[in-house]
Amino acid sequence: MANRLHFLLLILVLGAMNLTGAAQVLPLGKVSDPAARLLQQRHIAQLQQLSADVSKLHFAYPFYFSQTLDIDEARQKQLPNGSIHFDAFNGQMVLAITGNYYISYSAATLTGNQRARKTYEDVIFPLLKAEVARIDRAVPFDGYAFEIAHHIRKQVLKVSTEGPENVMVFFPRTVAERLVQAKDAEGRQAALLESEVYLNGEPLSLWLTGDDAPAEVKDHYLARHNPAKAVKKTLAAEPVEPGTLVSSKLVPESELLNQIRQQKNAPRDVSELQLQKLQTTYGSTVQRLLADLKADAHFVDYAPPAFIAFHDGAYLQLSMNTDLDQAAGSSQYRIAALAFDTHISHMLRAVSRYFHDSPQFEGIDFSTTVHQAGQSGSQSVEFIASFATLLCYEKYDCTGQELINRSLVLINGERVALDLQRAEAEPGTH
(Lines give C-alpha, C1' and ligand atoms only; values in the text may rest on other atoms or scores of the structure.)
Protein backbone atom coordinates (compact mmCIF):
# COMPACT_ATOMS: atom_id res chain seq x y z
CA MET A 1 0.00 0.00 0.00
CA ALA A 2 2.84 2.38 0.89
CA ASN A 3 4.63 1.62 -2.38
CA ARG A 4 1.44 2.32 -4.32
CA LEU A 5 1.00 5.65 -2.50
CA HIS A 6 4.60 6.64 -3.31
CA PHE A 7 3.99 5.72 -6.94
CA LEU A 8 0.85 7.89 -7.10
CA LEU A 9 2.67 10.80 -5.47
CA LEU A 10 5.49 10.45 -8.02
CA ILE A 11 2.97 10.60 -10.89
CA LEU A 12 1.39 13.72 -9.40
CA VAL A 13 4.79 15.42 -9.02
CA LEU A 14 5.83 14.56 -12.58
CA GLY A 15 2.48 15.72 -13.86
CA ALA A 16 2.88 19.04 -12.07
CA MET A 17 6.35 19.44 -13.57
CA ASN A 18 4.99 18.80 -17.06
CA LEU A 19 2.19 21.29 -16.56
CA THR A 20 4.68 23.89 -15.32
CA GLY A 21 6.87 23.31 -18.37
CA ALA A 22 4.01 23.40 -20.86
CA ALA A 23 2.65 26.56 -19.24
CA GLN A 24 5.69 28.48 -20.44
CA VAL A 25 4.58 28.13 -24.06
CA LEU A 26 2.26 30.92 -25.17
CA PRO A 27 -1.26 29.60 -25.86
CA LEU A 28 -1.94 29.25 -29.58
CA GLY A 29 -4.85 31.71 -29.47
CA LYS A 30 -2.51 34.49 -28.30
CA VAL A 31 -0.11 34.17 -31.26
CA SER A 32 -1.33 37.00 -33.49
CA ASP A 33 0.72 36.48 -36.67
CA PRO A 34 -1.03 33.86 -38.91
CA ALA A 35 2.21 32.32 -40.25
CA ALA A 36 3.67 32.17 -36.75
CA ARG A 37 0.49 30.61 -35.39
CA LEU A 38 0.59 27.88 -38.07
CA LEU A 39 4.26 27.19 -37.32
CA GLN A 40 3.53 26.99 -33.61
CA GLN A 41 0.66 24.59 -34.18
CA ARG A 42 2.79 22.27 -36.33
CA HIS A 43 5.70 22.17 -33.90
CA ILE A 44 3.94 22.48 -30.56
CA ALA A 45 5.47 19.20 -29.31
CA GLN A 46 9.03 20.56 -29.63
CA LEU A 47 8.01 23.82 -27.93
CA GLN A 48 6.56 21.88 -25.02
CA GLN A 49 9.77 19.84 -24.77
CA LEU A 50 11.73 23.10 -24.81
CA SER A 51 9.49 24.44 -22.07
CA ALA A 52 10.25 21.39 -19.94
CA ASP A 53 13.99 21.95 -20.55
CA VAL A 54 13.98 25.61 -19.51
CA SER A 55 11.85 24.90 -16.45
CA LYS A 56 14.93 23.12 -15.05
CA LEU A 57 17.14 26.19 -15.39
CA HIS A 58 18.08 28.07 -12.23
CA PHE A 59 18.40 31.86 -12.37
CA ALA A 60 20.24 34.06 -9.89
CA TYR A 61 17.03 36.11 -9.33
CA PRO A 62 13.34 35.36 -9.99
CA PHE A 63 12.53 35.10 -13.70
CA TYR A 64 9.04 34.81 -15.18
CA PHE A 65 8.09 33.90 -18.76
CA SER A 66 5.60 36.67 -19.37
CA GLN A 67 3.92 38.59 -22.19
CA THR A 68 3.53 41.63 -19.94
CA LEU A 69 6.82 43.39 -19.25
CA ASP A 70 7.80 46.19 -16.89
CA ILE A 71 5.53 45.19 -14.01
CA ASP A 72 6.27 44.59 -10.34
CA GLU A 73 6.69 41.06 -9.07
CA ALA A 74 3.53 41.10 -6.95
CA ARG A 75 1.41 41.73 -10.05
CA GLN A 76 3.47 39.27 -12.11
CA LYS A 77 2.62 36.47 -9.67
CA GLN A 78 -1.07 37.02 -10.41
CA LEU A 79 -0.61 36.60 -14.17
CA PRO A 80 -0.31 33.31 -16.06
CA ASN A 81 3.13 32.25 -17.23
CA GLY A 82 3.75 31.80 -20.93
CA SER A 83 5.81 33.56 -23.58
CA ILE A 84 7.63 31.00 -25.75
CA HIS A 85 6.22 31.44 -29.24
CA PHE A 86 6.95 32.05 -32.90
CA ASP A 87 6.54 35.61 -34.15
CA ALA A 88 7.39 37.94 -37.05
CA PHE A 89 10.30 40.35 -36.49
CA ASN A 90 11.51 42.76 -39.20
CA GLY A 91 10.27 40.50 -41.98
CA GLN A 92 11.76 37.36 -40.42
CA MET A 93 10.25 34.48 -38.47
CA VAL A 94 11.70 34.15 -34.97
CA LEU A 95 11.34 31.96 -31.93
CA ALA A 96 10.65 34.56 -29.25
CA ILE A 97 10.85 34.60 -25.47
CA THR A 98 9.82 37.57 -23.35
CA GLY A 99 9.94 37.86 -19.59
CA ASN A 100 10.64 39.77 -16.40
CA TYR A 101 13.88 39.29 -14.48
CA TYR A 102 13.59 40.68 -10.97
CA ILE A 103 17.08 41.99 -10.42
CA SER A 104 17.71 45.66 -9.60
CA TYR A 105 20.90 47.33 -10.88
CA SER A 106 22.44 50.58 -9.69
CA ALA A 107 22.93 53.06 -12.54
CA ALA A 108 25.62 54.77 -10.46
CA THR A 109 27.87 51.71 -10.30
CA LEU A 110 27.04 49.76 -13.48
CA THR A 111 27.10 51.01 -17.08
CA GLY A 112 24.36 50.15 -19.55
CA ASN A 113 26.67 47.57 -21.11
CA GLN A 114 27.37 45.96 -17.73
CA ARG A 115 23.67 45.78 -16.88
CA ALA A 116 22.75 44.29 -20.25
CA ARG A 117 25.67 41.86 -20.04
CA LYS A 118 24.57 40.60 -16.63
CA THR A 119 21.02 39.95 -17.86
CA TYR A 120 22.41 38.32 -21.01
CA GLU A 121 24.67 36.02 -19.01
CA ASP A 122 22.08 35.21 -16.32
CA VAL A 123 19.02 34.70 -18.50
CA ILE A 124 19.36 35.09 -22.26
CA PHE A 125 22.38 32.90 -22.96
CA PRO A 126 21.13 29.91 -20.88
CA LEU A 127 17.75 30.12 -22.63
CA LEU A 128 19.42 30.36 -26.04
CA LYS A 129 21.54 27.28 -25.36
CA ALA A 130 18.42 25.33 -24.43
CA GLU A 131 16.64 26.47 -27.60
CA VAL A 132 19.50 25.60 -29.95
CA ALA A 133 19.87 22.18 -28.32
CA ARG A 134 16.16 21.35 -28.46
CA ILE A 135 14.74 22.82 -31.71
CA ASP A 136 15.99 20.88 -34.72
CA ARG A 137 16.79 22.20 -38.18
CA ALA A 138 13.56 20.80 -39.66
CA VAL A 139 11.65 23.66 -38.00
CA PRO A 140 11.79 26.57 -40.51
CA PHE A 141 12.53 29.93 -38.86
CA ASP A 142 15.21 32.63 -39.16
CA GLY A 143 16.43 33.39 -35.66
CA TYR A 144 15.90 33.71 -31.92
CA ALA A 145 14.53 36.85 -30.26
CA PHE A 146 14.47 37.83 -26.58
CA GLU A 147 13.04 40.79 -24.72
CA ILE A 148 13.82 40.75 -21.02
CA ALA A 149 12.93 43.47 -18.52
CA HIS A 150 15.03 44.10 -15.44
CA HIS A 151 15.04 47.01 -12.98
CA ILE A 152 17.41 49.93 -12.54
CA ARG A 153 17.93 52.28 -9.57
CA LYS A 154 19.03 55.88 -10.11
CA GLN A 155 18.81 59.40 -8.73
CA VAL A 156 16.40 61.84 -10.39
CA LEU A 157 16.51 65.37 -8.90
CA LYS A 158 18.16 63.90 -5.79
CA VAL A 159 15.30 61.47 -5.38
CA SER A 160 16.01 57.71 -5.54
CA THR A 161 13.83 56.00 -8.13
CA GLU A 162 13.55 52.48 -9.49
CA GLY A 163 12.11 51.61 -12.88
CA PRO A 164 12.25 49.04 -15.67
CA GLU A 165 14.88 48.72 -18.38
CA ASN A 166 14.50 46.37 -21.36
CA VAL A 167 17.16 44.28 -23.12
CA MET A 168 16.16 43.07 -26.59
CA VAL A 169 18.36 40.69 -28.62
CA PHE A 170 17.92 39.09 -32.04
CA PHE A 171 20.27 36.25 -33.01
CA PRO A 172 20.22 35.06 -36.65
CA ARG A 173 19.91 31.30 -36.49
CA THR A 174 23.37 30.39 -37.80
CA VAL A 175 24.96 33.07 -35.59
CA ALA A 176 23.16 31.64 -32.54
CA GLU A 177 24.50 28.19 -33.31
CA ARG A 178 28.04 29.56 -33.63
CA LEU A 179 27.62 31.48 -30.37
CA VAL A 180 26.63 28.49 -28.24
CA GLN A 181 29.35 26.33 -29.82
CA ALA A 182 32.12 28.94 -29.51
CA LYS A 183 35.08 27.65 -27.54
CA ASP A 184 36.53 31.00 -26.53
CA ALA A 185 35.49 34.53 -25.58
CA GLU A 186 36.62 35.91 -28.93
CA GLY A 187 34.28 33.61 -30.84
CA ARG A 188 31.38 34.52 -28.55
CA GLN A 189 32.13 38.23 -28.90
CA ALA A 190 32.24 38.02 -32.70
CA ALA A 191 28.87 36.26 -32.78
CA LEU A 192 27.31 38.85 -30.48
CA LEU A 193 28.44 41.67 -32.77
CA GLU A 194 26.74 39.88 -35.67
CA SER A 195 23.49 39.91 -33.68
CA GLU A 196 21.21 42.84 -32.86
CA VAL A 197 21.15 44.10 -29.27
CA TYR A 198 19.06 47.00 -27.96
CA LEU A 199 18.90 48.57 -24.51
CA ASN A 200 15.63 50.49 -24.07
CA GLY A 201 15.30 50.59 -27.87
CA GLU A 202 18.80 51.98 -28.53
CA PRO A 203 21.42 49.85 -30.36
CA LEU A 204 24.04 48.45 -27.98
CA SER A 205 27.38 46.86 -28.95
CA LEU A 206 27.24 44.32 -26.13
CA TRP A 207 30.80 43.78 -24.89
CA LEU A 208 31.71 40.76 -22.80
CA THR A 209 34.74 42.22 -20.95
CA GLY A 210 35.39 45.49 -19.14
CA ASP A 211 33.04 48.40 -18.75
CA ASP A 212 32.13 49.00 -22.38
CA ALA A 213 33.01 48.28 -26.00
CA PRO A 214 35.91 50.24 -27.54
CA ALA A 215 34.84 53.49 -29.21
CA GLU A 216 35.60 52.30 -32.74
CA VAL A 217 33.57 49.10 -32.24
CA LYS A 218 30.62 51.14 -30.95
CA ASP A 219 30.84 53.49 -33.96
CA HIS A 220 30.76 50.69 -36.50
CA TYR A 221 28.04 48.78 -34.68
CA LEU A 222 25.90 51.92 -34.61
CA ALA A 223 26.57 52.49 -38.31
CA ARG A 224 25.23 49.02 -39.12
CA HIS A 225 22.24 48.97 -36.77
CA ASN A 226 21.10 52.58 -36.69
CA PRO A 227 21.54 53.99 -40.22
CA ALA A 228 19.73 57.27 -39.47
CA LYS A 229 22.16 58.18 -36.69
CA ALA A 230 25.12 56.90 -38.68
CA VAL A 231 24.29 59.15 -41.64
CA LYS A 232 23.87 62.16 -39.37
CA LYS A 233 27.19 61.42 -37.73
CA THR A 234 29.16 60.95 -40.94
CA LEU A 235 27.72 63.59 -43.31
CA ALA A 236 31.09 65.30 -43.45
CA ALA A 237 32.99 62.09 -43.98
CA GLU A 238 34.66 61.26 -47.24
CA PRO A 239 32.77 59.03 -49.71
CA VAL A 240 33.04 55.29 -49.37
CA GLU A 241 35.94 54.02 -51.41
CA PRO A 242 35.06 51.67 -54.30
CA GLY A 243 35.23 48.04 -53.23
CA THR A 244 34.87 48.75 -49.52
CA LEU A 245 31.93 48.49 -47.14
CA VAL A 246 32.73 51.46 -44.90
CA SER A 247 34.26 54.86 -45.33
CA SER A 248 37.94 55.04 -44.43
CA LYS A 249 36.94 57.72 -41.89
CA LEU A 250 35.16 54.98 -39.94
CA VAL A 251 38.14 52.62 -39.95
CA PRO A 252 40.78 53.24 -37.27
CA GLU A 253 43.99 54.52 -38.86
CA SER A 254 46.89 52.08 -38.85
CA GLU A 255 50.16 51.50 -40.62
CA LEU A 256 48.52 48.57 -42.38
CA LEU A 257 45.75 50.72 -43.85
CA ASN A 258 48.22 53.38 -44.95
CA GLN A 259 50.27 50.70 -46.67
CA ILE A 260 47.18 49.35 -48.41
CA ARG A 261 46.18 52.81 -49.68
CA GLN A 262 49.69 53.51 -50.97
CA GLN A 263 49.94 50.21 -52.81
CA LYS A 264 46.35 49.98 -54.06
CA ASN A 265 47.13 51.29 -57.54
CA ALA A 266 50.80 50.32 -57.67
CA PRO A 267 51.92 47.66 -60.19
CA ARG A 268 52.14 44.26 -58.53
CA ASP A 269 55.09 41.97 -59.07
CA VAL A 270 53.92 38.36 -58.99
CA SER A 271 56.90 36.83 -60.75
CA GLU A 272 58.36 33.57 -59.52
CA LEU A 273 61.36 35.49 -58.22
CA GLN A 274 59.11 37.80 -56.16
CA LEU A 275 57.18 34.84 -54.72
CA GLN A 276 60.44 33.21 -53.68
CA LYS A 277 61.55 36.49 -52.10
CA LEU A 278 58.33 36.62 -50.07
CA GLN A 279 58.91 33.03 -48.99
CA THR A 280 62.34 34.02 -47.65
CA THR A 281 61.17 37.29 -46.07
CA TYR A 282 58.26 35.75 -44.19
CA GLY A 283 59.72 32.28 -43.60
CA SER A 284 60.28 32.73 -39.86
CA THR A 285 56.87 34.37 -39.36
CA VAL A 286 55.14 31.53 -41.19
CA GLN A 287 57.00 28.92 -39.12
CA ARG A 288 55.92 30.66 -35.91
CA LEU A 289 52.34 30.79 -37.19
CA LEU A 290 52.44 27.05 -37.97
CA ALA A 291 53.71 26.19 -34.50
CA ASP A 292 51.31 28.47 -32.63
CA LEU A 293 48.12 27.58 -34.53
CA LYS A 294 48.75 23.91 -35.32
CA ALA A 295 46.23 22.53 -32.83
CA ASP A 296 43.29 24.59 -34.11
CA ALA A 297 44.17 25.07 -37.78
CA HIS A 298 44.80 21.40 -38.73
CA PHE A 299 47.46 22.29 -41.28
CA VAL A 300 48.24 19.76 -43.99
CA ASP A 301 51.77 18.41 -43.47
CA TYR A 302 52.37 17.53 -47.12
CA ALA A 303 51.34 21.01 -48.38
CA PRO A 304 53.34 23.64 -46.45
CA PRO A 305 52.34 27.32 -46.66
CA ALA A 306 53.37 28.87 -49.97
CA PHE A 307 53.04 32.21 -51.73
CA ILE A 308 50.97 32.00 -54.90
CA ALA A 309 49.99 34.44 -57.65
CA PHE A 310 46.26 35.04 -57.86
CA HIS A 311 44.25 37.88 -59.44
CA ASP A 312 47.45 39.83 -60.18
CA GLY A 313 48.43 39.70 -56.53
CA ALA A 314 50.51 37.56 -54.18
CA TYR A 315 48.70 35.57 -51.47
CA LEU A 316 49.93 33.27 -48.74
CA GLN A 317 48.13 29.94 -49.19
CA LEU A 318 47.49 27.98 -45.99
CA SER A 319 46.37 24.40 -46.61
CA MET A 320 44.19 22.86 -43.89
CA ASN A 321 41.79 20.03 -43.18
CA THR A 322 38.25 20.66 -41.91
CA ASP A 323 36.37 17.78 -40.30
CA LEU A 324 32.61 18.22 -39.97
CA ASP A 325 31.26 16.36 -36.93
CA GLN A 326 27.97 15.63 -38.69
CA ALA A 327 27.16 14.88 -42.31
CA ALA A 328 26.19 18.05 -44.19
CA GLY A 329 24.42 16.42 -47.13
CA SER A 330 25.28 16.76 -50.80
CA SER A 331 25.00 20.54 -51.17
CA GLN A 332 28.47 21.96 -51.85
CA TYR A 333 27.25 25.36 -50.61
CA ARG A 334 26.13 23.96 -47.27
CA ILE A 335 29.43 22.10 -46.88
CA ALA A 336 31.38 25.29 -47.62
CA ALA A 337 29.25 27.36 -45.23
CA LEU A 338 29.68 24.87 -42.39
CA ALA A 339 33.44 24.73 -43.04
CA PHE A 340 33.60 28.50 -42.71
CA ASP A 341 31.44 28.71 -39.58
CA THR A 342 32.95 25.78 -37.68
CA HIS A 343 36.61 26.18 -38.66
CA ILE A 344 37.84 28.93 -41.00
CA SER A 345 36.07 31.82 -39.23
CA HIS A 346 38.00 30.96 -36.05
CA MET A 347 41.32 31.22 -37.91
CA LEU A 348 40.83 34.61 -39.61
CA ARG A 349 41.83 36.88 -36.74
CA ALA A 350 44.42 34.43 -35.44
CA VAL A 351 46.26 34.37 -38.78
CA SER A 352 45.96 38.04 -39.77
CA ARG A 353 47.59 39.20 -36.52
CA TYR A 354 50.94 37.81 -37.70
CA PHE A 355 51.03 40.31 -40.57
CA HIS A 356 50.32 43.73 -39.08
CA ASP A 357 53.78 45.09 -39.87
CA SER A 358 53.28 46.49 -43.41
CA PRO A 359 52.75 43.23 -45.32
CA GLN A 360 54.33 43.14 -48.77
CA PHE A 361 51.63 40.88 -50.25
CA GLU A 362 47.89 41.14 -50.79
CA GLY A 363 46.32 38.66 -48.38
CA ILE A 364 45.68 35.08 -47.27
CA ASP A 365 44.25 32.09 -49.14
CA PHE A 366 42.55 29.89 -46.52
CA SER A 367 42.42 26.62 -48.46
CA THR A 368 40.77 23.65 -46.80
CA THR A 369 39.77 20.11 -47.68
CA VAL A 370 36.44 19.35 -46.04
CA HIS A 371 35.65 15.86 -44.77
CA GLN A 372 32.18 14.80 -43.57
CA ALA A 373 31.69 12.38 -40.70
CA GLY A 374 30.75 8.92 -41.94
CA GLN A 375 31.12 9.81 -45.61
CA SER A 376 33.79 9.08 -48.17
CA GLY A 377 35.20 11.75 -50.43
CA SER A 378 36.00 15.37 -49.72
CA GLN A 379 35.46 18.88 -51.04
CA SER A 380 38.02 21.62 -51.66
CA VAL A 381 37.04 25.11 -50.50
CA GLU A 382 39.13 28.29 -50.59
CA PHE A 383 38.41 31.64 -48.91
CA ILE A 384 40.78 34.23 -50.41
CA ALA A 385 40.77 37.48 -48.44
CA SER A 386 42.78 40.68 -48.77
CA PHE A 387 44.40 42.25 -45.72
CA ALA A 388 41.95 45.16 -45.93
CA THR A 389 39.08 42.68 -45.62
CA LEU A 390 40.78 40.74 -42.82
CA LEU A 391 41.44 43.95 -40.90
CA CYS A 392 37.78 44.93 -41.26
CA TYR A 393 36.79 41.56 -39.76
CA GLU A 394 39.50 41.64 -37.09
CA LYS A 395 38.27 45.04 -35.84
CA TYR A 396 34.66 43.71 -35.74
CA ASP A 397 33.75 46.18 -38.49
CA CYS A 398 32.62 43.39 -40.85
CA THR A 399 30.51 40.32 -40.18
CA GLY A 400 31.48 36.90 -41.49
CA GLN A 401 29.04 37.31 -44.37
CA GLU A 402 30.45 40.73 -45.24
CA LEU A 403 33.96 39.29 -45.25
CA ILE A 404 32.84 36.57 -47.66
CA ASN A 405 31.15 39.14 -49.89
CA ARG A 406 34.42 41.05 -50.15
CA SER A 407 36.56 37.94 -50.68
CA LEU A 408 36.76 35.23 -53.32
CA VAL A 409 35.27 31.82 -52.56
CA LEU A 410 36.25 28.81 -54.65
CA ILE A 411 34.60 25.40 -54.41
CA ASN A 412 36.55 22.68 -56.20
CA GLY A 413 38.31 25.44 -58.14
CA GLU A 414 35.15 27.26 -59.29
CA ARG A 415 34.26 30.71 -57.98
CA VAL A 416 30.89 30.87 -56.19
CA ALA A 417 28.72 33.32 -54.27
CA LEU A 418 28.11 32.03 -50.75
CA ASP A 419 25.18 33.06 -48.53
CA LEU A 420 25.93 31.51 -45.14
CA GLN A 421 22.45 31.67 -43.66
CA ARG A 422 20.69 30.35 -46.75
CA ALA A 423 23.26 27.63 -47.38
CA GLU A 424 23.14 26.30 -43.83
CA ALA A 425 19.35 26.40 -43.65
CA GLU A 426 18.85 24.38 -46.84
CA PRO A 427 20.65 21.06 -46.69
CA GLY A 428 19.37 19.88 -50.09
CA THR A 429 21.29 19.92 -53.36
CA HIS A 430 21.74 23.11 -55.39
**OP:** Might you let me know whether region 333-347 holds any residue that is assigned to a helix (DSSP H, G or I), at pLDDT 90 or above, in contact with a His (Cβ under 7 Å, 6 or more places away or on another chain) and within 14 Å of Leu410 (Cα to Cα)?
**Re:** yes
Original post:
Can you name every residue in region 394-404 that is within 16 Å of Leu420 (Cα to Cα) and either in contact with a helix residue (DSSP H, G or I) (Cβ under 7 Å, 6 or more places away or on another chain) or open to solvent by less than 40 Å² (accessible area, probe 1.4 Å) (or both)?
Top reply: Cys398, Thr399, Gly400, Gln401, Leu403, Ile404
Subject >> Flag if Ser407 is open to solvent by less than 50 Å² (accessible area, probe 1.4 Å), closer than 24 Å to Lys183 by Cα, under 20 Å from the mean Cα position of the chain (by Cα) and not acidic (Asp, Glu) >> reply: no
Subject >> Answer from Ile135, Ile97, Ile44 - the residue that is of a type outside the set (Gly, Ala, Ser) and touching a Ser or Thr at 6+ places or on another chain (Cβ under 7 Å) >> reply: Ile97
**OP:** Scan region 84-118 residue by residue and report those that are among the hydrophobic types (A, V, I, L, M, F, W, C) and outside any strand (DSSP E or B).
**Re:** Ala107, Ala108, Leu110, Ala116
**OP:** Quick one: count up the residues across region 362-377 that are modelled with pLDDT under 95 and among the acidic types (Asp, Glu).
**Re:** 1
Subject >> helices (runs of 4 or more DSSP H) (entirely within region 1-79) containing at least 1 residues that are open to solvent by less than 50 Å² (accessible area, probe 1.4 Å) and at pLDDT below 90 >> reply: 2-22
Original post:
Any chance region 129-140 includes a residue that's among the acidic types (Asp, Glu) and open to solvent by 30 Å² or more (accessible area, probe 1.4 Å)?
Top reply: yes
**OP:** Working only within region 357-372, note down all residues that are over 9 Å from Phe387 (Cα atoms) and of a type outside the set (Asp, Glu).
**Re:** Ser358, Gln360, Phe366, Ser367, Thr368, Thr369, Val370, His371, Gln372
Original post:
Which residues, taken from region 166-193, are closer than 19 Å to Ala96 by Cα, open to solvent by 20 Å² or more (accessible area, probe 1.4 Å) and of a type in the set (A, V, I, L, M, F, W, C)?
Top reply: Met168, Val180
Subject >> Criterion: open to solvent by 30 Å² or more (accessible area, probe 1.4 Å), of a type in the set (A, V, I, L, M, F, W, C) and touching a strand residue (DSSP E or B) at 6+ places or on another chain (Cβ under 8 Å) - qualifying residue of Ala327, Ala314 >> reply: Ala327
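The values are calculated or read from the model by the stated rules, or taken from the named source; none is laboratory data. All values reported here derive from a predicted model rather than from experimental measurement. Reconstructed Cβ throughout: ideal geometry from the backbone, glycine too, with neighbour counts over all protein chains shown. Accessible surface is based on the protein model in full, side chains and every heavy atom, while ligands, DNA and RNA are left aside. Shrake-Rupley method; radii C 1.70, N 1.55, O 1.52, S 1.80 Å.
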